[in-house]
């Protein structure tokens, strides 16, 4: 992982490498949030008469 990060920084520059890293991390969290919201919506639908 470290070697790939160093190659990425040397090829495209530090700001781009940091942006890509943050987008990848954000994507994982967004998937979790979407799953939780879907579960909450499903529970709410089950509670309604």
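Things to note:
- Full-stretch length increase - residue 29, residue 14 - with 0.36 nm per residue and alpha-carbon distance subtracted: 3.1 nm
- Between helix 2-12 and the chain: long-axis angle, C-alpha atoms, 0 to 90°, nearest 10: 70
- The ellipsoid that matches the Cα gyration tensor of the chain has semi-axes, each √(5λ) in whole angstrom, of 40, 8, 4, with the longest given first.
- Between helix 14-47 and the chain there is an angle of about 10 degrees, using the helix long axis and the longest principal axis of the Cα atoms.
All of the numbers you see were taken from the coordinates with simple rules; none came from a lab. Every value quoted in this text rests on a predicted model; they were computed, and no experiment measured them.
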